[in-house]
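The values are calculated or read from the model by the stated rules, or taken from the named source; none is laboratory data. Everything numeric in this text was worked out from a predicted model, so none of it was measured. Cβ placement follows ideal geometry from the backbone for every residue including glycine, while neighbour counts extend to all protein chains displayed. The area values use the complete protein model at the heavy-atom level, side chains included, leaving out ligands, DNA and RNA. Shrake-Rupley method; radii C 1.70, N 1.55, O 1.52, S 1.80 Å.
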Amino acid sequence: MHAATFPVRIFDVDCFGELRSNVLLRWLWQTASKASDAVGYDLDWYGRQGTMWIIRRTRGEWLAPARSGDLVTVRTWVSDIRRVRSQREYEVSRGDALLARLATDWVYVDLARGALVQPPQALQQALMPDGVASRPRLPSLASAPPAAAVLLTRRVELADLDTLAHVNNAQYAVYVEQMAWDALAARGWPLDPRALDGRPRLAAHDLEYFESAQYADELAGAVWVTAVAPEAFTIDCQLSRGGQRALHARSTWSWPAGPLPTALRSALAALSPAPASPP
């Protein structure tokens, strides 16, 4: 297990005073990189090999918010290696308080060929010194948008890119969250950034990446609701690039103040697929 501690700075929090999800996802990336360094495989080693780990899926459960001034510790370990894939787990805490649990599914890539390859046995053993284990791959999220989906577009900006010149995996959280608010606004429920008590709070993200998006791409988006509970709801967001699926995300939001407001429930209903007719 490897651990890293990060201070929550004033510019790391959103308008509600809580740590932004994309900042936390970048911390996971940084901690994973340092964990690889710690067992002898740093960025220079990967550069000499012409290989890199790339995230293909991020799943997480947000349990409590972090705020400006907090010290947040990220603990990580590799739980699974499958031929060209590896899953890394994370626990995020403030002191003894657990704030989030997450996992990232990585693929090992030969950069020159753009092909997935099997990591060397020595690297596998360094990442899982107690023995390399594997588990079945999770089913894909991908599904076709229903007729009720709101269609939106998103242009890729220069600030969205990472060192490989494609959209950083953490930045997709910004995309899907904003598109959720835009879709709800289109169905009659605009988010009020000044409503500190009456607003949704992120409870879970599942972000599955398919194709990389690059600078100036126009991404076609579809947003729809997949579940509604008394105090929470789940929204799917699909992004496509040139007709090819780039990302499918499933995000769950809770309403900390209690039951969902009537106006929000109406907007969610308008974003939900119509129930099937009885036979």
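Tabulated results
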quantity: Count of the stretch 95-119 residues which are surrounded by 17 or more Cβ atoms within 10 Å (Cβ to Cβ) and either assigned to a loop (DSSP other than H, G, I, E, B) or out of contact with any His (no Cβ under 9 Å at 6 or more places or on another chain) (or both); calculated: 10
quantity: Selection status of Ala165, at positive phi and open to solvent by 20 Å² or more (accessible area, probe 1.4 Å); calculated: yes
quantity: Ala32 vs. criteria part of a strand (DSSP E or B) and not charged (D, E, K, R); calculated: no
quantity: Residue check for Thr153: touching a His at 6+ places or on another chain (Cβ under 8 Å), within 26 Å of Thr234 (Cβ to Cβ) and not hydrophobic (A, V, I, L, M, F, W, C); calculated: no
quantity: Residue in the stretch 175-184 that is open to solvent by less than 40 Å² (accessible area, probe 1.4 Å) and of a type in the set (S, T, N, Q) present; calculated: no
quantity: Residue match in the stretch 80-87 (condition: more than 30 Å from Trp253 (Cα to Cα) and aliphatic (A, V, I, L, M)); calculated: yes
quantity: Qualifying residues in the stretch 32-91 (those that are basic (Lys, Arg) and crowded, with 21+ Cβ neighbours inside 10 Å) - the one farthest from Leu123 (Cα to Cα); calculated: Arg57
quantity: Subset of the stretch 226-244 that is in contact with a Phe, Trp or Tyr (Cβ under 8 Å, 6 or more places away or on another chain) and either at pLDDT below 95 or of a type in the set (Gly, Ala, Ser) (or both) - its residue that is surrounded by the fewest Cβ atoms within 10 Å (Cβ to Cβ); calculated: Gln244
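Quick grid of which residues meet (1) part of a strand (DSSP E or B); (2) charged (D, E, K, R):
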| site | (1), (2) |
| --- | --- |
| Ala185 | no, no |
| Trp189 | no, no |
| Asp197 | no, yes |
| Arg245 | yes, yes |
| Ser272 | no, no |
